[in-house]
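Values quoted throughout were computed directly from the atomic coordinates according to the rules given, and no laboratory measurement underlies them. As the structure is a computational prediction, the values presented were derived from the model and not from experiment. Every residue, glycine among them, receives a Cβ derived from its backbone with ideal geometry; neighbour counts consider all protein chains shown.
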Amino acid sequence: MTTQEKERLTILQGTLDLLILRILILGPQHGQGIARAIQSQSDDVLLVDHGSLYPALQRLENRGWVAAEWGSSDNNRKARFYTLTKQGRKYLAQQTSQWRRMSKAIGRILGPEPAEG
Amino acid sequence: MFGRKKRRLSDFDSEIKSHLDLATQQFHEVGLDEREAHYAALRQFGNVTIARERFYEARRWRWLDALGSELGHALKKLIKTPRFTLPAVLTLALGLGGAMTFYSAFHSVFLRTLPFPGANRIYRLVTNTPTGPNPWPSIGLAMELGKLSPDVERVGLLEGFIQSYWILDGGSSVPVQTLSFDAGTQDIAGLKPSLGSLFKDDAFATGNGVILSHRFWKSRLGSDPTVVGHTLNIDNKRQPILGVLAEGAEVPLSPEADVYRPIKALTSQQEMNDTTCTALLRLRSGIQPEAVLPRFLAVAQSLKQGLGFLERPGLQTLRKAMAEDADLRFFIVCGAAALFLLLATANVACLFLARAAEKSWETSVRLCLGAPTLSLFRKFLVEGLVVALVSAGFGFWLNMVLAGSLRAWLPGGETLPGLNGTWDHLGVALFGFALVILITLLLGLIPMLQIRRLDLSLAVQEGHRSQSVRTKGRTALVVAQMTLATLMLCATALLGRSLWTMAHRPLGFKTEKLAMVRLLYDHHPKPGERWENPAFLPALRARSGIQSAALTFGFGGVAGMGIVSTVGRNAHIGEDGNSLAKTPLQLVGLSEEAFGTLGVSLIQGRDFKAEDAQRHVCILNREAERLAGFPRGKAEGQSFLGKEPTEIIGVVNDFHLFQDGGSTMPMRFEPLGRFRPDALFVRSTLSKKDLEATISSVMRETFPGVKPGSIDELNEIRGEQSLPHRQIIAMLGVFGGAAILLAALGLSALLSDSVSRRKRELGIRATLGATSERLIGQVMLQGLWRTGLGVGLGLAAALASGRYLQSLLFGIRANDPKTLGAVASLLLFLGLVSSLIPALRAASIDPAKALREE
C-alpha cells in the first residue's frame, strides 16, 4: 500500500449523497465517472467505496433527487447516466449550507490547524 | 417509491457490469494487460454481493415486509391460542354471515339498478281506500288512464304468481308457477327472448300460448333447442310454446315464474270494471307523479258512473311497491341477524380487551423499552384484521349456505328478496369487506384506548397481577351486550307469541275430513257464460263415503298454498249512503250448502239453496257486517242498492280458510252462477285416491271439460301454513338463544377476571372477618347491577322501537307487560347464574395463600 493510499479517507457517513449531488451539478454522469470525479476533485483524498456508491445512487433515485437513464459513454460503452432533478438541486443547496455551518462549528471547537512539519 | 416503477435487480447488475467494463478499460489504458485490468477493477469495486444486497434492501417496501411478518406472527399466535380464537371467529362469522344475507336482501329491493327501461318512470297504480292503498285497481281504471291521460306512456297488467299444473303425458301433474301479463307489461319489462318469440297480438287476443323461463327450460326441459312449436299441457289445456325468455329476464314486482302466459285482452267495459289486477304505469319522461294525480282523479271521476263508486288513484314507485311486497318474515330474521352482528362484535371486542389486559405487563415493558405506540397499534390492528378476515371468509361461506338452504327450506323461498336469484356476489363481498375494516378498527382501537390510560411505572412494578388496567371499557361492552340481548329477546318473544296466536287462532270452520280440490278447465270462459250445474253436486253427494260437497269461487289462497292470488273479483257496492260503499269486499261465489260443508256457523238467516242461483241475494261475514255499519243482528233482510238491489239473506261467523295475514277480510258471498267455480270442497270418509277416482267419474258424467287438479286436505294445508311461522320462531329462537348465551358468557368472564385480579383484596377482606356469604354477595351484586343496567336499557330500547314492531304483531301489544317482564326476569336470572361461578370462586379464596402470593 502506498503512502498516498494510506492517507486516503473513507467518506463520512451521510456525506456521500451530498457529494454525488454536487458532482452531478456539472452535468449527467455515470457511476464510475462520479466516483472518479469525487476522487480527483478531492485531490485523491476521498476514496469512494464502489460497493456503497450504487446503493446510494439507487436511494437518491428513489427519493426523486436524481433521474437515471441508460446511454453510452465517451468510449462508446453502455452506462447508466444520472442527472440532478429540480428537487435534488433544492436539497443540495439546503444540505450544502448546513454542511458549511457544521464544518465551521467543528473547526472552531478543534481550534486552528497546527503548522505543518 | 409508491407509484414509481420498481427497478429490477437485473438492471442494477448490468450497471455494475458496465462499471467494471469501464474500469477494466481504464486500467488497460494505463498499461495493465486485459486479465490484470479486470482483476484490478474488481478489487477497486469491492464486494459486489454486498452492493447487490444493499440495493435489494433499499428497493423493497419496508413497511410491507413488517406488515407481512406481523401478519404471520399474529396468525401463529392466534393458532396457538384456540381458546381465544375459536369463539371469537365463530361468533363474528355468525354475525357477519347474517349481516351479509341481510345486505343481499336489502340490495335486491333497495340498491340494485332495476333492469327495466325507464325504471324510474314506472309506478304501481293503487287506489286509496280508508284502510290504506289497495294495490289491485280495476282493469277498467288502468286502461282508461292509459287511454285518456297524456301523461301515461304505457299501461301494463299483471296477474298473480300462481300455482298451476303441468300435466305430463302419463297423466301425472307437476306443480309449476305461472305468471300472466299483457302486451303493456311485456313492453315495460323490456323482455327479450333467447329462443322463439315473445307474445304477439294473437296470443293476447286468444289467451293461448306460453313462454318458458330460462331456468325452467334449462332444468325441466334439458335446454331442448327444438322446444318452440311443441305444446305443454298447463292446467288441462294444451298450450303452444312460443319462446324461451333470456336468462335473468325479470318482470316488475314478480319473482321468476316457471311459465308465463298472456292475459287475454278484455273487451267488455263491464268485465274490465269487475276485474282487478296489478297495474303498472310508465309515465312520460319529465312528468312528476304528484302533478298527474289530480288529472288521474278527473279520469276516475268520469269512470264512476260505470263502476258505481269512485276509485281514487294513487301511485307507488317501483321500489316502494317492492318493499311493500317483500316478505316481512325474511326481514325480521335478517334484522335479528344484523343485531346479532353488533352483539357478536361487542363480545369479541370484550375478548380482545381481556387479552390486552392480560398482556398489560408485557405491553408496559415494551413501551418502557421505547416501542413506539404506533407499532403497538399496528400489532393490535393486525390481530383484529386476521380475526375479522378469517371470520368474514367463514361468514361469506355461511351466508351462501344460509341463503341456499333458506331458499330451499322456506315455502315460497324463491320469491324472497335476496334469495330469488338477484344475488350480488361482488356487492356482498364489498359489504363484508367494509364490515371487516370497521370491526378491525374497533378491535384495534379498543385495546389502544386502554394502553393510553396505562400507568407504566405502576404496571411494570405490579407485574402480572397488575390492577392498573381498568375494566370500564369491558363493563360498558358487557352492558351493551345485555342491552342488545334484551332487545333481541323482547322482539323474539313478542313475535313468537304473535305468530303462535295467529297459528292457533280459531279458524271458524271444521277441518276434519275436509278436502279441497282444484278444478282444471280445458277452455276459457266465454263472456256472459253461466255456471249453474244442477246435476254435478247432487250426483257427487249421492256417492258412498261423501258426506257433503260444495263448489266455490274466489277464496284467496285457492290459487296456491300460502300464496295469495293477486287477481280476484272484488265487488264494490254503490255509493248510496252506506259506509260499505267505500270499502272493497272480497267477493266469493258459493254453491248451495257451502257453509254446511265447510262447517261455518250462521249467525243469522240461512245457507244458500240451489234456487238462489237465479236471485240477487248475498250473505256477509261478521267483518263485512261491521264495516257496513249494520247494528249487530240487523243486516238480515236489508238490501244493498245497486243496479239490482241485492238482499242480504244471512250473516256468518268470520272464518280463516287460509292464514294469509292477521286481519279478517270483509267478505260478501253470492251464489255461483255468474262465477266459474275454481274449487270443490268435499267432506268425506274416503282416502285421497278413492276420492279422486270418485270425483273424476262423477265429473266425466255430469261436468264435461273439467278435471280435478290437486286434492289437499285442509288439515295438511293448515300444518303447511303454520310451518313458516314455526320456522321464523325457530330461527329467532336460535339467534336469541345465542345472544343471551354470549351475553351471559361475557358477564361471567368479566366477573371471573375481576375476582382473580382482586384476589389479594378479597383475601384481606376474608382475613379481616368477611364471611363467605358476604364475599359471594359482593360479587353477585357486581353482576346484578351490570345485568340490571343492560336489561333496563334493553327494555327502554324495546319500548322505544315498539311503534315499528307493532305493525308486525298480531293479537299482542308491543309493550305487553307480561312478555317484557318475562324476558327481563329471564335475563336477570341468567345474570345471577353467570355471576354465581365467579362468586363461589371469590368465596373459596384461601386468605393465607392469596396474601403469600404477593
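Quick notes
- Rh by Kirkwood over Cα pairs, then Stokes-Einstein D for segment A:3-108 at 0.890 mPa s and 25 °C, µm²/s: 169 µm²/s
- Projecting the Cα positions of B:H230, B:S164, B:I188 onto the charge dipole of segment B:138-310 (unit charges on Cβ atoms of Lys, Arg, Asp and Glu, taken about the Cα centre) puts B:I188 furthest along the positive direction.
- Mean partner shielding of peptide A:59-70, defined as the number of other chain Cβ atoms within 10 Å of each residue Cβ, is 2.
- Taking 7 Å steps out from each Cα toward its Cβ at B:Q806 and B:A429 produces label points 4.6 nm apart.
- Dipole orientation for segment B:30-153: of the candidates B:H107, B:G46, B:I79, B:I79 has the Cα lying most toward the positive pole (charges on Cβ; Lys, Arg +1; Asp, Glu -1).
- Neighbourhood charge, 13 Å Cβ-Cβ cut-off, centred on B:L520 and excluding it, Lys, Arg +1 and Asp, Glu -1: +1
- Residue-wise HN-Hα coupling along segment B:495-512, computed from phi with Karplus coefficients 6.51, -1.76, 1.60 (Hz; x: Gly, Pro): 5, x, 5, 5, 5, 5, 4, 5, 6, 10, 5, x, 7, x, 8, 9, 8, 4
- For segment B:586-594, backbone phi angles converted through the Karplus equation (6.51, -1.76, 1.60; θ = phi - 60°) give residue-by-residue couplings of 6, 9, 10, x, 9, 7, 5, 6, 5 Hz, Gly and Pro being listed as x.
- Taking only the alpha carbons of segment B:699-813, we obtain Rg and Dmax values of 28.2, 100 Å in that order.
- Three principal axis lengths of segment B:160-232 [C-alpha, angstrom, descending]: 36, 25, 20
- Long-range amide H partners of B:L514 with built H, under 5 Å: B:L714, B:N715
- Dipole of segment A:3-108 [Lys/Arg +1, Asp/Glu -1 at C-beta], most positive-end residue of A:I25, A:A93, A:Q58: A:A93
- Under-5 Å amide H pairs with B:S194, H placed in peptide plane, nonlocal only: B:V244, B:L245, B:A246
- Of every Cα-Cα pair in segment B:138-310, the percent that sits beyond 25 Å: 38 percent
- Residue pairs exceeding 25 angstrom between C-alpha atoms, taken from B:K192/B:K264; B:K147/B:K200; A:K90/B:K17: A:K90/B:K17.
- For segment B:82-197, the fraction of alpha-carbon pairs in successive 10 Å shells from zero, as %: 10, 22, 27, 19, 13, 7, 2, 0
- Overall form of segment B:9-60 per C-alpha gyration tensor (a/c, 1.5; a/b vs b/c): prolate
- Approximating the spin labels as points 7 Å out from Cα along Cα→Cβ, the B:L442-to-B:D690 distance works out to 6.3 nm.
- From helices alone, chain A scores -17500 deg cm²/dmol at 222 nm; the rule is -39500 (n - 2.57) for each run of n ≥ 4 DSSP H residues, then divide by the residue total.
- Average Cα contact separation per residue, chain A, under 8 Å, 6 or more apart, as relative contact order %: 26 percent
- The Cα center of segment B:217-281 and the Cα center of segment B:755-811 differ in position by 61 Å.
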